[in-house]
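Just below is one structure, and these are the notes that go with it.
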Ligand SMILES: [Ca+2]
């Protein structure tokens, strides 16, 4: 899902449309491999008083951290030989973010509200290097392309054929997800195709570094990214994974379906029941995407969007170029001069406008809106819709 900069739901980025440049991803010995050491759990609050003085009150719960095992690089204790830092630099916090008061506040919050150990957080953030490419991508103009330029990025022969191949390879998983969650299969395939080219490009940005960078060096959306960073640390603790090992998009989206941390926590499914929610594994990622759509209102078999013709002048005031929850009926649209060019069964609909030299109009249903919950852009949702239709036609011939 990646990225429209101005959504509170999804911060996915059109930057994903651009080839990802490798950066970072080397903390804690992490590599690009999706194989995770699922054995780590960060300690919770137990820092000695000497390290607590510059933070809000410490939560009293003390939990003994589980031993680190396996082949994970051992967590090193905070370096105690570092000279005292200036007033805004808490003991034990070093590196690019050592002098950030907002980082100190964030660490205090994670300790106070969630019981994370301060020394653990200081050590974690001391190793974070600023992700300059994430800053560049996040600062780029969003939604810059008109539909005519946007569509060909996704509607390619490679992506259509790749969708058929993905469908064939994962037919049993897709069928099971469609039955269980009631989401039309071709849209599960298309989302994964749009997001990561069926898993070929899940992103090379170290997620901890990217979220830290955007949370503390990107003022316009600092609040959003700090919340995602908070969710990310909670996620890593819940999944018993070192936070350094995740890689994803510059905006913190992860796995085949590119879930940001809050969505990962809310919607990810352990499809293969191995105790891990691994969104780099199709067995987990496919039901997770289906669950995401189901939870956001998908209604199987009600259609998504159909082209429309418009006449008169009444339609102009109801045409929507940004996503809004459908609130009209087909009769309402007809009264405004809108005529769908094919059947759509959705109880509530919207008139969608794809802006360009010549505007293009569609009637979008509740499922179209559900796609925009993944990425709040009508162009994105239309690309997913059209790719899904092309994949289905290529696979079945109709
Ligand atoms: Ca699993």
Would you pick out the residues in region 286-297 that are surrounded by 24 or more Cβ atoms within 10 Å (Cβ to Cβ) and more than 10 Å from the ligand (Cβ to nearest atom)?
-> 286, 289, 290, 292, 293
Please enumerate the residues belonging to region 304-332 that are in a loop (DSSP other than H, G, I, E, B), out of contact with any helix residue (DSSP H, G or I) (no Cβ under 7 Å at 6 or more places or on another chain) and surrounded by 16 or more Cβ atoms within 10 Å (Cβ to Cβ).
-> 318
Residue 238 being touching a helix residue (DSSP H, G or I) at 6+ places or on another chain (Cβ under 8 Å) and within 16 Å of the ligand (Cβ to nearest atom) | yes
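Look through 350, 288, 346 and report the one residue that is modelled with pLDDT of 95 or more and assigned to a loop (DSSP other than H, G, I, E, B).
Just a single option satisfies the conditions, and that option is 346.
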Could you say which residue among 250, 292 is in contact with a helix residue (DSSP H, G or I) (Cβ under 6 Å, 6 or more places away or on another chain) and farther than 28 Å from residue 133 by Cα?
-> 292
Can you pull out the residues in region 196-252 that are farther than 17 Å from residue 277 by Cβ, touching a strand residue (DSSP E or B) at 6+ places or on another chain (Cβ under 8 Å) and part of a helix (DSSP H, G or I)?
-> 210, 244
Do you know which of the residues in region 256-285 that are within 11 Å of the ligand (Cβ to nearest atom) and assigned to a helix (DSSP H, G or I) is nearest to the chain's Cα centre (by Cα)?
-> 285
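The values are calculated or read from the model by the stated rules, or taken from the named source; none is laboratory data. Every value quoted in this text rests on a predicted model; they were computed, and no experiment measured them. Note that each Cβ is placed from the backbone with ideal geometry, even for glycine, and that neighbours are counted across all protein chains shown.
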